[in-house]
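To start, the structure itself, in structure tokens.
All of the numbers you see were taken from the coordinates with simple rules; none came from a lab. Note that the coordinates shown come from a computational prediction; the quantities given were computed from them, not determined experimentally. Glycine gets a Cβ as well: all are built from the backbone with ideal geometry, and neighbour counts include every protein chain shown.
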């Protein structure tokens, strides 16, 4: 070990390494952005210029890594008409009116974050918006970004009438007479979304930098952006990452998951290869491919093995969507895997999960076990027969743990409509762990908060912080150590950031200091924990 003094010395522990043994230390030393010692050896590296950080009982652990986030979109939305944090329709009206009044020159009113639970059947209407803003088109995405609320001027701009057919990958919500009511689901969002004013490159860069600051404040030091190079009505945000990486503005390590055009075929693969090369700059790497295989349960587009029920409990003929033909998917994934791409699936319903695992299995059979580290995100419903396949196929389970709780969207808009016994197979974190799956974690922000500690709280308690509702399928709880490991070592694994995610000599000093040691407090207080300090490569990027 070199005798050169450390730049940083953390002491007064505890230090949680998140290594397989869940070992702890009491001190850690950093030099030139790398961990150079733990325990008593760290103190031997104290020099006259070493900065001492007294943990004073606060927990030091590896920086969190978000394995599924939409950072640029989240950052952009922070500057738009923000409806997050409430379900009150009067509050929506107040915010929309205030935003419109504050932006009289805006051609469109754009924003989002409304909750489906705020409206009967989860479907808002243009009539409500028309009473607030009648002189300009309005386009507001819901908090899960799988639906949009528009007013009459927006419908008119898009030429959407009772004669407009539903797109193959979406739904125009209609009244009993077949007239559009002002809500658009999945691919139908693009009918209006494609008309929105262009977001400028400067806007996208500003959104990324806002997002990066927020993520660092939550202790996030690296992430995988789940939609880079997007189509299907979403803007391409790759330029923001490229500019930030080239100009040294990107302090986090980022994996960009290149968007798979679900209306396309294998002919898009050479273009993805070219993007992988062009979009790998500095702290940015784009070796992952995002394939959105289905939708979401709340609007009945998640692909299920049993048909949805209707509002009266009767069986329907709708079992959701498969955006990519399942047989063709196997071929695409096999070819991508052979080219060294990771595949990052959106798979929410149990049929979509099975289709994604079938594609991974086809790739493994054809190519052998390559170190491509495929992962499936969301996993709201997983059939018990498919749980062991994650370990067997080396496919990681990417958990958005904050969703695994009783709340109105779950209790009123999901559970009553799931057919068969699917409601009992939701978010089976415990089953996946017991079956040996690799668990990783992400937020899907701006769908829900990017704060890992809120998600960890739900993973452990199976209910939201402060909630008095009963735990949701409590047998699927994770212990605190496992949940933290998923958000650190697990996500580092799928991000191919093998010198991060655990605290060991030689690893990068991507670190977070919490305001307490949550292991010393009751489990129902995990959500009250906050981040005090965040470091990337030993450099302080956030101080609470």
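Overview of values
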read-out	value
Prolate/oblate/rounded call for segment 222-350, Cα gyration tensor, a/c under 1.5 rounded	prolate
Footprinting exposure proxy for 390, 417, 345 (fewest neighbouring C-beta atoms within 10 Å first)	417, 390, 345
Separation between Cα centres of segment 134-182 and segment 25-56, rounded to whole Å	58 Å
Residue 424/residue 156 FRET efficiency (R0 35 Å; Cβ-Cβ; nearest 0.05)	0.20
Folded to 0 to 90 degrees: helix 350-367 orientation relative to the chain principal axis, Cα	60 degrees
Theoretical gain in end-to-end length, residue 505 to residue 34 [0.36 nm per residue, Cα-Cα removed]	168.8 nm
Using alpha-carbon coordinates, inclination of helix 326-338 to the longest axis of the chain, degrees	30 degrees
FRET efficiency estimate (nearest 0.05) - Cβ-Cβ, residue 94 to residue 412, R0 25 angstrom	0.55
Fraction of antiparallel bridges per DSSP, the chain only, in percent to nearest 5	45 percent
Potential lengthening between residue 107 and residue 163 on full extension [0.36 nm per residue; Cα-Cα distance subtracted]	17.5 nm
Cα centroid separation - segment 247-306 against segment 369-398, whole Å	18 Å
Cα centroid separation, segment 442-514 to segment 416-434 (Å)	20 Å
Helix axis angle, 269-278 relative to the chain longest principal axis, alpha carbon, degrees	40 degrees
Packing-based exposure ordering (other Cβ within 10 Å, fewest first) of 498, 358, 337, 310	498, 310, 358, 337
Rounded to 5, the percent of DSSP beta bridges in segment 69-193 classed as antiparallel	60 percent
Global form of segment 66-169, assessed from the alpha-carbon gyration tensor, a/c cut-off 1.5	rounded
Two-site FRET efficiency, residue 475 against residue 516, from Cβ-Cβ distance with R₀ of 22 Å, rounded to 0.05	0.20
Antiparallel %, DSSP beta bridges [both residues in segment 93-167], to 5	40 percent
Residues in segment 322-342 that a label on residue 266 would reach, taking backbone N under 14 Å of a point 7 Å out along Cα→Cβ	327-339
Gyration tensor verdict on the chain (Cα atoms; rounded if a/c is under 1.5, prolate if a/b is larger than b/c, oblate otherwise)	prolate
For the chain, calculated [θ]222 nm from helices alone, where every DSSP H run of n ≥ 4 adds -39500 (n - 2.57)	-7500 deg cm²/dmol
